[in-house]
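Comments concern the structure below.
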Amino acid sequence: MSLCSTVMKTLIFFTFSLHLSSAVTHSMQYFITAVTPGTNFPEFTIVGLVNGGQFVYYDSNIMKMIPKTEWIDVMGEDYWNREAQKQQQSQETFKADVSTVMQRFNQTTGVHTVQVIYGCELDDDGTVRGYRQDGYDGEDFISFDLKTLTWTAAKPQAVITKNKWDNDSGYNVARKNYLENECIEWLKQYMSYGRETLERKVPPTVSLFQKHSPSPEVVCHATGFFPKAVMISWRKDGEDMHEDVDLRETSPNQDGSFQKRSILKVPAEELQKHKYSCVIQHSSLEKELVLNVSERQILKGGGSMVIIIGVVVALIVLVAVVAGIMVWKKKNSGFKRAPASEESSSTNS
C-alpha cells in the first residue's frame with residue numbers, strides 16, 4: 001500500500017473517531033425503486049428513514065403510504081391519504097422511466113430497476129448536506145452536484161438526461177433549495193415529533209469470535225446499538241491497522257437498533273506472535289471498548305449458527321425494508337412531509 005493511501009486511511013479513521021465523540025448527525029433518507037413487472041417485488045416502492053430507522057413505506061401493491069413508527073402518527077389520516085395519491089402518480093412516472101432506460105441500453109427483456117436516493121443531513125453544529133443519486137440495475141446512473149448545480153452522468157446512456165437537466169437552471173435551483181432547506185426543516189420537525197426515540201443512545205453488545213481454530217478470520221460483532229454511526233477498528237501491538245480487515249455494512253435489527261461486524265484476516269501464526277484487539281467506538285459509550293483477540297470465543301459445530309442466523313435475519317429485515325432495491329452503495333439521507341411528488345421526478349426523461 002502506498003504512503004498516500006495509508007495516510008488517507010488514517011485521516012479518515014481519526015476524522016470518524018472525532019465525529020463520533022463530538023458531533024451528532026441527524027438524517028432523513030428516501031429510497032425510491034421501480035422494477036420491471038413480473039417479479040415478486042412491487043413494481044414501485046418508497047421507503048423513508050429518519051436517523052437510519054424506517055418511518056414510512058409505500059408500494060404499488062398496497063397503494064397506501066404506511067407510517068412505520070408511532071411518533072409519525074401525529075400526521076393524521078388525511079395526510080396519509082394525500083400522500084398515497086401523490087405516490088400513485090409517481091409510480092406511473094417511474095414505470096415509464098424503466099422502459100426508457102431499457103431502451104437506452106438496448107434491452108427488451110429481463111428484470112431491471114430504476115433507483116433513486118435523496119435526502120439531507122444536519123449536524124448539531126448547524127452544518128447541512130443534501131444529495132441526490134440515481135441508479136440503474138445496481139450501478140450509478142446520474143448524480144446531482146449541489147455546488148455547481150449540474151449533473152454527473154455515470155453512464156453514456158445518462159448523458160441525455162444530464163443535458164436536459166443541466167440546461168434547466170430553475171429545476172436545479174429548486175432541487176438545491178429543497179435538499180438544503182425544506183428537507184432540513186422537515187427533518188427538524190420530525191425530530192421534534194420523535195425526539196425520545198430518535199435521540200436515544202443504546203450501547204452495543206460486542207462479541208469476538210472465530211468460527212474454528214486455526215481459521216484465519218476473527219469476527220468482531222457489535223449489535224443492539226443506536227444511533228447507527230459506529231466505528232469498528234483493529235489494533236496490532238497497540239498500533240492502528242487498516243490492512244487485512246473486511247469491514248461490513250451496518251444492518252438494521254428488528255427492534256430498530258443496528259448491528260455491524262468487522263473481520264480480521266491474518267494467518268494463525270500471526271495471531272500467536274502479536275497482540276491484536278478490536279476497538280468499538282459509539283456515541284453511547286463514555287470510552288472506547290477494547291476486546292483482545294486472545295480472549296475470543298472459538299465456535300464449533302452449531303455454535304456459530306447463532307451469529308449467522310442473527311446476521312441473516314438482519315439482512316432479511318433490510319431487504320424487506322428497501323424491497324430488495326438498494327444494491328449500489330452510496331451515502332444517503334433525506335425525506336420531507338410531502339416529498340415524492342416534488343423530489344422524485346423522472347430519472348430518465
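Counting the residues of the range 252-266 that are open to solvent by 60 Å² or more (accessible area, probe 1.4 Å) and over 11 Å from Val218 (Cβ atoms) gives 2. With respect to Tyr118, is the statement that it is in a strand (DSSP E or B) and of a type in the set (Ser, Thr, Tyr) true? Judged against the criteria, Tyr118 is a match.
Conditions tested, residue by residue: (1) open to solvent by 60 Å² or more (accessible area, probe 1.4 Å); (2) more than 23 Å from Cys120 (Cβ to Cβ); (3) in a helix (DSSP H, G or I).
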| position | (1), (2), (3) |
| --- | --- |
| Trp151 | no, no, no |
| Gln157 | no, yes, yes |
| Ile160 | yes, yes, yes |
| Lys164 | yes, yes, yes |
| Arg175 | no, no, yes |
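Of the residues that make up the range 240-247, is at least one open to solvent by 80 Å² or more (accessible area, probe 1.4 Å) and in contact with a strand residue (DSSP E or B) (Cβ under 7 Å, 6 or more places away or on another chain)? Within the range 240-247 (the criterion being open to solvent by 80 Å² or more (accessible area, probe 1.4 Å) and in contact with a strand residue (DSSP E or B) (Cβ under 7 Å, 6 or more places away or on another chain)), the answer is yes, since at least one residue qualifies.
Could you identify the single residue in Gln107, Gln103, Gln91 that is open to solvent by 10 Å² or more (accessible area, probe 1.4 Å), assigned to a loop (DSSP other than H, G, I, E, B), at pLDDT 90 or above and under 21 Å from Phe141 (Cβ atoms)?
Answer to the check: Gln107.
Under the condition of being basic (Lys, Arg) and in contact with a Phe, Trp or Tyr (Cβ under 7 Å, 6 or more places away or on another chain), the residues counted in the range 65-94 number 1. Among the residues of the range 254-292, the one identified as in contact (Cβ under 8 Å) with a residue 60 or more places away in the chain, over 13 Å from Val202 (Cα atoms) and part of a loop (DSSP other than H, G, I, E, B) is Gln254.
The values are calculated or read from the model by the stated rules, or taken from the named source; none is laboratory data. All values derive from a computational prediction rather than experimental measurement. Cβ coordinates were reconstructed from backbone atoms using ideal geometry, including for glycine residues, and neighbour counts include every protein chain displayed. Ligands, DNA and RNA are excluded from the accessible area calculation, which covers all protein heavy atoms including side chains. Shrake-Rupley method; radii C 1.70, N 1.55, O 1.52, S 1.80 Å.
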